[in-house]
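I have placed the structure first, in the form of structure tokens, so that the comments after it can refer back to it.
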Amino acid sequence: MKNKKIYLSSRRVIEISGSNSIKFLNNILTADLSNLKQNEILFSTLLTPQGRILFDVLISIKKLDINNSILLECHIDQLDSLLTKLNLYNLRKEVTIVNTEYKVIVTNIPDKNIDTIMDHRFIGFAVSRIYYMKLPNEEICDVEKTLDLTWYDLYRYKCCVPEGPKEIISGISLPLELNLDLLNAISFEKGCFIGQEVNARIKWRGLIKNKYVPIQSIDINQSIKKIDIKDEQNIYFEDKVIGKIIVIRYSKKTADYHGMANIKLSYLYEFEKNKSLACDFKNIKLKINFPKYLLPLPQKR
């Protein structure tokens, strides 16, 4: 897939500054911010008290800044709600929270730019982000104006990295369903955070029932170029509903579909044992491509 920088026009960046910025965020977000390093992204979420995901965010340290500023990247559709929630928790005014004008660029081309931030969610792929105050004067693909599957979304699907409210259902999705424990986005060692008790119980009692997994079409009808999942999301195996499509898109480059699905763990064990198995969605056969970090699947307790 052609390597080029991509402008994520649906992403926005919030700046949180002050001497207590890391402590403030560590008390409410799922990731352990003591693991936050210069030039690296840390994946995290803000949960409901019931342990469901409200917002997914990418955390980084602002470069060359004397105010201990932290940057939070989020989806534009959740920007206002996230700002409201952060200000709600900032009762003592420990930190300053502001919206920024940063433009979010992703690249899979090695770049020695001082502003480059490595995104380690993409295991096996080199992906980094750059935050610009205004778009640079070079060829950049606007992902929102591109109908074809970009390399960025293909990498996300292959690595099973959901992003934004269309893939992470606010107030519904559970962190362990999305494999956030395997992507260093939730820590059970750092101490309390909002929703921690519920998710710790799910983890230690083995109560998780579903998992997000990457999917890819096989033997497709080449005349099918677009699928609408609004009317039907169920995935079948031997005439039984085993899960739902989260996202699926056609790639001209590879002439097949890629995406992510939420599948019942009880059925995933069969696909783990037999990689040749296929499931059905509408008129398309799908295979499950487990990233190495997902295996072995967690066993029932």
Go through the range 49-108 and give me each residue that's in contact with a helix residue (DSSP H, G or I) (Cβ under 7 Å, 6 or more places away or on another chain) and of a type in the set (D, E, K, R). E94
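Matching residues to (1) exposed (fewer than 14 other Cβ atoms within 10 Å of the Cβ); (2) modelled with pLDDT of 95 or more:
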site	(1), (2)
G243	no, yes
I248	no, no
S251	no, no
M260	no, yes
F271	no, yes
N274	yes, yes
L277	no, yes
N283	yes, no
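Are any of the residues in the range 41-62 acidic (D, E) and either surrounded by fewer than 20 Cβ atoms within 10 Å (Cβ to Cβ) or outside the structural domain of Y131 (by TED's automatic domain parsing) (or both)?
no
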From the list N210, N199, pick out the single residue that is surrounded by 15 or more Cβ atoms within 10 Å (Cβ to Cβ), closer than 26 Å to Q50 by Cα and touching a helix residue (DSSP H, G or I) at 6+ places or on another chain (Cβ under 7 Å). N210
Checking D32 against (1) of a type outside the set (F, W, Y); (2) buried (at least 17 other Cβ atoms within 10 Å of the Cβ); (3) in contact with a Ser or Thr (Cβ under 8 Å, 6 or more places away or on another chain); (4) under 23 Å from I105 (Cα atoms), which single condition isn't satisfied? (4)
Restricting the range 160-188 to residues that are surrounded by fewer than 18 Cβ atoms within 10 Å (Cβ to Cβ) and of a type in the set (A, V, I, L, M), the residue that is nearest to L36 (Cα to Cα): L182
Check the range 208-220 and report whether any residue there is modelled with pLDDT of 95 or more, more than 19 Å from L297 (Cβ to Cβ) and in contact with a Cys (Cβ under 9 Å, 6 or more places away or on another chain). no
Complete set of residues in the range 34-53 that are modelled with pLDDT under 95 and farther than 15 Å from R129 by Cβ: S34, N35
Qualifying residues in the range 85-104 (those that are more than 25 Å from the chain's Cα centre (by Cα) and touching a residue at least 60 places away in the same chain (Cβ under 8 Å)) - the one surrounded by the fewest Cβ atoms within 10 Å (Cβ to Cβ): T96
Sole miss for Y293 among (1) part of a loop (DSSP other than H, G, I, E, B); (2) surrounded by fewer than 16 Cβ atoms within 10 Å (Cβ to Cβ) is condition (1)
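The rows are residues; the columns are (1) surrounded by 14 or more Cβ atoms within 10 Å (Cβ to Cβ); (2) within 20 Å of S9 (Cβ to Cβ).
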site	(1), (2)
V106	yes, yes
I114	no, no
M118	yes, no
I123	yes, no
E139	no, yes
E144	no, yes
T150	yes, yes
Y155	yes, yes
Please work out which one of (1) more than 22 Å from R156 (Cβ to Cβ); (2) touching a Cys at 6+ places or on another chain (Cβ under 9 Å); (3) surrounded by 18 or more Cβ atoms within 10 Å (Cβ to Cβ) is the condition N27 fails and give its number. (3)
Working only within the range 14-23, note down all residues that are outside any loop (DSSP other than H, G, I, E, B) and surrounded by fewer than 21 Cβ atoms within 10 Å (Cβ to Cβ). I14, E15, S17, I22, K23
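The values are calculated or read from the model by the stated rules, or taken from the named source; none is laboratory data. What you are looking at is a predicted structure, and each value in this text was computed from that prediction instead of being measured. All Cβ positions, even for glycine, are placed from backbone atoms using ideal geometry, and neighbour counts span all protein chains on display.
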